[in-house]
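Structure first, commentary second.
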Amino acid sequence: MTVKEIFETMDYGPAPESAKEALSWIADRDGKFGLYIGGKMTAPGDLFDSKNPATGEVLAQLTQATPDDVDAAVSAARKAQRKWAALSGHERAKYLYALARLVQKHSRLFAVLETLDNGKPIRESRDIDIPLVARHFYYHAGMAQLQDAELPDREALGVCGQIIPWNFPLLMLSWKIAPAIAMGNAVVLKPAEYTSLTALLFAQICEEAGLPKGVVNIVTGDGRVGEAIVTHEEVDKIAFTGSTEVGRVIRRETAGSGKSLTLELGGKSPYIVFDDADLDSAVEGLVDAIWFNQGQVCCAGSRLIVQEGIADRFYAKLRARMDKLRMGDPLDKSIDVGAVVDPVQHKRITELVDAGAGDGELYQAPCPIPTAGCFYPPTLITGLSPASSLMQEEIFGPVLAATTFRTPAEAVEIANNTRYGLAATVWSENVNLTLDIAPKLASGVVWVNGTNMFDAAAGFGGVRESGFGREGGWEGLQAYTKPRGAVKALKPIAAFPAPKEAKVDALDRTAKFYIGGKQARPDGGYSQAVWSKQGDLLGHVGVANRKDIRNAVEAAHTAAGWSKTTGHLRAQILYYIGENLSARSGEFAARIDAMIGGRNGAKEVDAAISRLFTYAAWADKYDGAAKPVPMRGVALAMHEPVGVIGGFCPDEAPLLGLVSMMAPSIAMGNRVVLAASEPFPLAATDFYQVLDTSDVPAGVVNIVTGNHAELAAPLAGHLGVDAVWTQSGADISAIVEGESAGNLKRTWVNNAKARDWFGPAGEGREFLAHATEVKTIWVPYGE
Ligand code: NAI
């Protein structure tokens, strides 16, 4: 192209980044890579090809790890972990800091290698991915430094298995490895099979940083390697980012295993444009929302929801912008859109668009499509109905599906009409409107007048089928730590048996359920007797079934207004419950003593009253945070209720246990469906009257009695339940985790671990964290 021609077209000339260094890094290793285990690279094993998606050429050959390799990696991590955790936070911080420095030092090599391997534009790997990787290690070096002082009650989990996808290979690695090792865990990480090279380069810098052997282990290969990690007995935690489908498989596979789990899954994030938005900025935002990384972003703004009055104008501006997008060699610094990761993904995108585009009007950027490699043009499909497959399915490609709305309420309705809940973007010049909408969106992240902003200080993660757990910020550390201290095994408690010659009780004293603020009879019409240790009949309780659970969940849904009440109001009601319990403390104490056959009843009632006061106190004090992110904005971490929480109450302290699960939940604005202690249900059924007299709105607290093993599946499998807690033993934990896979609800299970309900472990921040979602809301702020 001559200078004259350039002036005539004002087109960019090519500005290719050299691949020389990256290719020679690969060539120096003969193009064949083993695994990184115990601080050493193993000899290459069974090899598979890793290709450059922009050319289709083979870049390198990688080892498909065997189950024995995974075993070796887990053993190496196990061996290293104790010593690593025993170092001071400061010692660990120095290693993380060294890793951050080395990422910066080798940043160009990392960026070019990432682009070659993944197909993303070099502008993105150089200016976004790799700087954020370094930021993540710096930030978490700080977390390691502060751990001893700020998190004295929490400790590392042990060995973490981490499985990551191919869309941000090194960035996802840093999101996983940095917080894990900062807190004293050792890791076995599996990169995605399409994009493992930067993880292997990272292994090299672990050596350069002198990281103790075995703290980081990297095994390559396909989903079978992931499965071997997930099912390995010696792994304490699985952190997964990838498809909802595989997330669900992992949820089922880890059920009942005692492993912690966080899942960061798919999305179909709404991008809402109001008629008073700065339309040019909103168009530019869309380029970042859906064409950044070819739309292969879990939180991509892939559903455009635009106000009807400006829709045509906005679409026209958008098409004009699309006309200027440049697609081509990802190593060319002046291109906007690179290659999708693999022919498999290309085929998937093509098929989804071909199947769904007929419902709307298709527009594709007119940029030339390179003939070699996996390129898919930026695509806009307008006029879709909210139910169209393109509005519902995660495409994971550069495809924007659009629809319109009339009112803010309709915008929220369409935005929330999805099974996902990862992120959302709102554009309007009216800050009142954006901040009115933000809390109404079912998503873990909301961006106001901006999009796809990420930072190590700000929590990231979803609700609904987008998974659970947060990465980044203080909240992200929750996923890599557990309460400090030894744990006792839970001793199962059986109900006292019926005596051989039971006395006949003339009075019918069958306690019902408490559903929707009323006492309800069991649907099945069955009840069971409760006997004292001495063989006295204390009463009967109903035996709940699936239908009773459904009724209770429905009642909880009718009380949705509770989630919108103020913490101040909820505090008043909790104090009131405490006061009313206190007025009847003697009666409750006697009941507990009779049921359990002990003398601790008075102590238990006192502790329950105190606990109610504790959560009344917390109701308006579990503060969110304002995160100082390094860009023009602030990220607000807001605590929101989870929704409807199901719970299986413990047997060790039948009243205190129930209160310990109910009070933090309702203090944070949740509604609950609780199954009372199975052997000792009467303290719960007596408690109905306390609730009745304490102004608790109908449906906020629902209590049933019956067999936990029979109720676990219907409660944990119910799609209207957002989280399930169980303190009812290992079998129930396994059912709850397994059944929760349906809508990927959050679970909090005790497995076979006992909890001291009377001590500090019975209350506090751990409960509050489980009773809330952190929603990160990015708002413009400052210069
Ligand atoms: P995937 O979920 O299969 O792969 C993610 C990671 O999980 C890879 O490392 C893979 O090897 C591993 N894996 C696969 N099966 C496994 C198993 N049974 N147990 C343990 N690990 C396993 O994602 P895939 O097939 O690469 O992409 C398919 C679709 O998933 C995409 O089109 C997109 O819709 C979605 N996806 C979403 C991502 C996100 O960040 N939300 C990331 C990647 C894919």
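The values are calculated or read from the model by the stated rules, or taken from the named source; none is laboratory data. Please read all numbers here as calculations on a predicted model, not as lab measurements. Because the Cβ atoms are built from the backbone with ideal geometry, glycine has one as well, and the counts that use them run over all protein chains shown.
Some values worked out for this structure:
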read-out: Selection count where residues are in contact with a Leu (Cβ under 8 Å, 6 or more places away or on another chain) and not polar (S, T, N, Q), scope region 104-127; value: 9
read-out: Hits in region 245-275 - residues which are polar (S, T, N, Q) and over 30 Å from Gln307 (Cα atoms); value: Thr254, Ser257, Ser260, Thr262
read-out: Any pair with Cβ under 7 angstrom, 6 or more apart, that starts in region 37-59 at a residue that is farther than 26 Å from Val112 by Cβ and ends at one that is crowded, with 17+ Cβ neighbours inside 10 Å and among the hydrophobic types (A, V, I, L, M, F, W, C); value: Ile37/Ala72; Ile37/Ala73; Ile37/Ala76; Gly38/Ala76
read-out: Matching residues in region 432-460 - criterion: being without any contact (Cβ under 8 Å) to a residue 60 or more places away in the chain and in a helix (DSSP H, G or I); value: Asn432, Asp436, Lys440
read-out: Enumeration of residues in region 710-741 that are farther than 26 Å from Gly444 by Cβ and either touching a Cys at 6+ places or on another chain (Cβ under 8 Å) or of a type in the set (Asp, Glu) (or both); value: Glu710, Gln727, Ser728, Asp731
read-out: Candidates Gly258, Gly267, filtered to the one that is away from the ligand (no atom under 15 Å from the Cβ) and either out of contact with any His (no Cβ under 6 Å at 6 or more places or on another chain) or of a type in the set (Ser, Thr, Tyr) (or both); value: Gly258
read-out: Scan of region 570-598 for residues that are over 28 Å from Glu640 (Cα atoms) and either charged (D, E, K, R) or not assigned by TED's automatic domain parsing to the domain that holds Lys533 (or both), ordered by number; value: Arg584, Glu587, Arg591, Asp593
read-out: Residue tally, condition part of a helix (DSSP H, G or I), over 19 Å from Thr195 (Cβ atoms) and more than 7 Å from the ligand (Cβ to nearest atom), over region 223-246; value: 2
read-out: Qualifying residue in region 291-311 (condition: within 16 Å of the ligand (Cβ to nearest atom), in contact (Cβ under 8 Å) with a residue 60 or more places away in the chain and basic (Lys, Arg)); value: yes
read-out: Selection from region 307-335 of residues that are surrounded by 21 or more Cβ atoms within 10 Å (Cβ to Cβ), touching a Cys at 6+ places or on another chain (Cβ under 9 Å) and of a type outside the set (A, V, I, L, M); value: Gly328
read-out: Residue, nearest to the ligand (Cβ to nearest atom), within region 194-211, restricted to residues that are assigned to a loop (DSSP other than H, G, I, E, B) and buried (at least 17 other Cβ atoms within 10 Å of the Cβ); value: Tyr194
read-out: Residues within region 746-755 that are closer than 14 Å to Ala713 by Cα and touching a residue at least 60 places away in the same chain (Cβ under 8 Å), tallied; value: 0
read-out: Number of the condition not met by Pro165 [criteria: (1) of a type outside the set (A, V, I, L, M); (2) part of a loop (DSSP other than H, G, I, E, B); (3) out of contact with any strand residue (DSSP E or B) (no Cβ under 6 Å at 6 or more places or on another chain); (4) closer than 24 Å to Glu475 by Cα]; value: (3)
read-out: Verdict on Pro650 being under 27 Å from Gly720 (Cα atoms), assigned by TED's automatic domain parsing to the domain that holds Val700 and of a type outside the set (Gly, Ala, Ser); value: yes
read-out: All positions within region 347-390 that are touching a Leu at 6+ places or on another chain (Cβ under 8 Å), of a type outside the set (S, T, N, Q) and either over 23 Å from Lys317 (Cα atoms) or part of a loop (DSSP other than H, G, I, E, B) (or both); value: Leu352, Gly356, Gly360, Ala365, Cys367, Pro378, Leu384
read-out: Some residue of region 710-727 being among the hydroxyl-bearing types (Ser, Thr, Tyr), assigned by TED's automatic domain parsing to the domain that holds Leu656 and farther than 23 Å from Val642 by Cβ; value: no
read-out: Some residue of region 129-142 being touching a residue at least 12 places away in the same chain (Cβ under 8 Å), among the hydroxyl-bearing types (Ser, Thr, Tyr) and not in a helix (DSSP H, G or I); value: no
read-out: Residue under evaluation Glu351, criteria (1) within 14 Å of the ligand (Cβ to nearest atom); (2) surrounded by 15 or more Cβ atoms within 10 Å (Cβ to Cβ), criterion not met; value: (2)
read-out: Check on Lys324, of a type in the set (Lys, Arg), free of Cβ contacts under 8 Å to residues at least 12 places away in the same chain and not assigned by TED's automatic domain parsing to the domain that holds Ser243; value: yes
read-out: Selection from region 391-426 of residues that are assigned to a helix (DSSP H, G or I) and within 14 Å of the ligand (Cβ to nearest atom); value: Gln392
read-out: Positions within region 278-306 being surrounded by fewer than 22 Cβ atoms within 10 Å (Cβ to Cβ) and either touching a Cys at 6+ places or on another chain (Cβ under 9 Å) or not aliphatic (A, V, I, L, M) (or both), in sequence order; value: Asp278, Asp280, Ser281, Glu284, Asp288
read-out: Positions within region 309-340 being part of a helix (DSSP H, G or I) and not charged (D, E, K, R), in sequence order; value: Gly309, Ile310, Ala311, Phe314, Tyr315, Ala316, Leu318, Ala320, Met322
read-out: Selection status of Ala544, among the small types (Gly, Ala, Ser), outside any helix (DSSP H, G or I), modelled with pLDDT of 95 or more and under 30 Å from Ala498 (Cα atoms); value: yes
read-out: Close pairs from region 385-398: first closer than 17 Å to Ala300 by Cβ, partner assigned to a helix (DSSP H, G or I) and among the hydroxyl-bearing types (Ser, Thr, Tyr), Cβ under 8 Å, at least 6 apart; value: Glu394/Thr244
read-out: Test: residue in region 83-103 that is assigned to a loop (DSSP other than H, G, I, E, B) and within 15 Å of the ligand (Cβ to nearest atom); value: no
read-out: Of all residues in region 722-750 being in a loop (DSSP other than H, G, I, E, B) and within 20 Å of Val659 (Cα to Cα), the one that is nearest to the chain's Cα centre (by Cα); value: Asp722
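For every residue, the table says whether it meets (1) assigned to a helix (DSSP H, G or I); (2) away from the ligand (no atom under 11 Å from the Cβ); (3) in contact with a strand residue (DSSP E or B) (Cβ under 8 Å, 6 or more places away or on another chain); (4) over 18 Å from Gly258 (Cβ atoms).
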{"residue": "Ala144", "(1), (2), (3), (4)": "yes, yes, no, yes"}
{"residue": "Asp148", "(1), (2), (3), (4)": "yes, yes, no, yes"}
{"residue": "Pro152", "(1), (2), (3), (4)": "no, yes, no, yes"}
{"residue": "Cys160", "(1), (2), (3), (4)": "no, yes, yes, no"}
{"residue": "Leu170", "(1), (2), (3), (4)": "yes, yes, no, yes"}
{"residue": "Ser174", "(1), (2), (3), (4)": "yes, yes, no, yes"}
{"residue": "Gly184", "(1), (2), (3), (4)": "no, yes, yes, yes"}
{"residue": "Leu189", "(1), (2), (3), (4)": "no, no, yes, yes"}
